[in-house]
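Okay, structure first, notes after.
The values are calculated or read from the model by the stated rules, or taken from the named source; none is laboratory data. Note that the structure is predicted; figures quoted are calculated from it, not measured. Please note: Cβ atoms are built from the backbone with ideal geometry, for glycine as well, and neighbour counts cover all protein chains shown.
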């Protein structure tokens, strides 16, 4: 079984696939090399940079102004 190195150093667009150094890749999109929560090296998805939708949740007449967590109701 062949081991593959994770492309943690980023993209190398100046070289062909055959001569691209380990820890680089020629094609990758929306990926970050370090896990934000556990601070360890593994590929993860990059968070979005813009809103997915311009629609307001709840509508303009009843906008959400606060969110709380409820564990039980008595």
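Restricting to segment 39-61, name every residue that is assigned to a loop (DSSP other than H, G, I, E, B) and in contact with a strand residue (DSSP E or B) (Cβ under 8 Å, 6 or more places away or on another chain).
Across segment 39-61, the qualifying residues are 40, 46.
Looking only at segment 1-22, residues that are assigned to a loop (DSSP other than H, G, I, E, B) and touching a strand residue (DSSP E or B) at 6+ places or on another chain (Cβ under 9 Å) come to 6 in all.
Quick check, is residue 36 touching a strand residue (DSSP E or B) at 6+ places or on another chain (Cβ under 9 Å), in a loop (DSSP other than H, G, I, E, B) and at pLDDT below 80? Considered against the rule, which asks whether it is touching a strand residue (DSSP E or B) at 6+ places or on another chain (Cβ under 9 Å), in a loop (DSSP other than H, G, I, E, B) and at pLDDT below 80, residue 36 comes out as yes. Can you confirm whether residue 54 is within 11 Å of residue 10 (Cα to Cα) and modelled with pLDDT of 75 or more? When the stated conditions are applied, residue 54 does not pass them.
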